[in-house]
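Down below is the structure, laid out as structure tokens.
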Amino acid sequence: MITMDDIIREGHPTLREVAKEVDLPLSEEDIELGKRMQEFLKNSQDPELAEKYQLRGGVGLAAPQLNISKRIIAIEIPGQSEENPEPLLSTVMYNPKILSHSVQQAALEEGEGCLSVDRPVPGYVVRNARITVSYYDMTGEQHKIRLKNYMAIVVQHEIDHINGIMFYDHINEDHPNYAPEDVIFIQ
């Protein structure tokens, strides 16, 4: 089981590397890694398990955060209400690629956080509001999906990790709370 002790922190060189593509068909090792990453996210969102194992809540995890330089990301975005608990997006993406994106930009009103960053980093992380992503799932099947707003931001954050980019690289150093006028702010 993955715990916070397995997650490397900012300053570790693996977080700045461009990760290697995963070979297809997927190895058992890569499939198992994806399952463990997904399990971590689900556990981190369960209040009892999160407290028991001291897990910080997360909606995404990239293999480089586990010091594994491979293009694998796990996403677990919970449903918005108790009446609709189905996750909005729950998947492991192997070799994900952003195929296209909108001109429209978006940012989280509260800023972004990261399991590999143990400090608050104030500022707007301006990203594309809509993206089209291709990836392979655990069975080796290729998918192409369109995402917008929060889901698009989460996937872009994780794809940044496999490209050696940290979220705070996007924050304007001189004016962290600056965002262009037409940016959509997401709560």
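Among rounded, prolate and oblate, which fits segment 1-96 when a ≥ b ≥ c are the square roots of the eigenvalues of its C-alpha gyration tensor, a/c under 1.5 means rounded, and a/b larger than b/c means prolate? Note, shape of segment 1-96 comes out oblate.
R0 = 22 Å: FRET efficiency of E109 with L88, Cβ-based, nearest 0.05?
On the way: r = 18 Å, r/R0 = 0.82.
It comes to 0.75.
Listed values (i) 122; (ii) 143; (iii) 169 include one computed from this model; for volume of the Cα convex hull per residue in Å³ that value carries the label (i). Here segment 1-61 has 48 percent of its accessible surface on carbon and sulfur atoms, given a 1.4 Å probe and all protein chains in place. Restriction of the trypsin sites (Lys or Arg not before Pro) in segment 131-187 to DSSP coil positions whose beta-carbon has at most 15 other beta-carbons within 10 angstrom yields no sites. Out of every Cα pair in segment 51-136, what percent are spaced more than 23 Å from each other? The answer is 35 percent, as a whole percent. Apply the a/c threshold of 1.5 to the C-alpha gyration tensor of segment 139-187 and tell me whether it is rounded, prolate or oblate. Since a/c reaches 1.5 but b/c is at least a/b, the shape of segment 139-187 is classed as oblate. The distance separating the Cα centre of segment 48-97 from that of segment 15-42 comes to 12 Å. Ligands, DNA and RNA left out, the 1.4 Å accessible surface of segment 77-187 is 47% carbon and sulfur atoms. Taking 7 Å steps out from each Cα toward its Cβ at K42 and R56 produces label points 2.3 nm apart. Under 1.5 on a/c is rounded, so check that first for segment 97-187, then, if it is not, pick prolate when a/b is larger than b/c and oblate when it is not; a ≥ b ≥ c are the square roots of the alpha carbon gyration tensor eigenvalues. Cα axes put segment 97-187 in the oblate bin. Remark: spin-label model distance M4-I184 equals 3.3 nm, labels positioned 7 Å along the Cα→Cβ axis. Estimated at 0.36 nm per residue, the fully extended path between L49 and Q80 surpasses their Cα-Cα distance by 9.1 nm. Excluding ligands, DNA and RNA, the accessible surface per residue across segment 73-176 is 50 Å² with a 1.4 Å probe. Sites listed here are GluC sites (Glu not before Pro) in segment 47-145 whose DSSP assignment is loop and whose Cβ has at most 16 other Cβ atoms within 10 Å: E82, E83, E109, E110, E141.
Tell me, what is the FRET efficiency for R16 and K97 to the nearest 0.05, using R0 = 30 angstrom and their Cβ-Cβ distance as r?
The value I calculate is 0.90.
The values are calculated or read from the model by the stated rules, or taken from the named source; none is laboratory data. What you are looking at is a predicted structure, and each value in this text was computed from that prediction instead of being measured. Cβ sites come from the backbone with ideal geometry, for glycine too, and all protein chains shown count toward neighbours. With ligands, DNA and RNA removed, areas are computed over all heavy atoms of the protein, side chains included. Shrake-Rupley method; radii C 1.70, N 1.55, O 1.52, S 1.80 Å.
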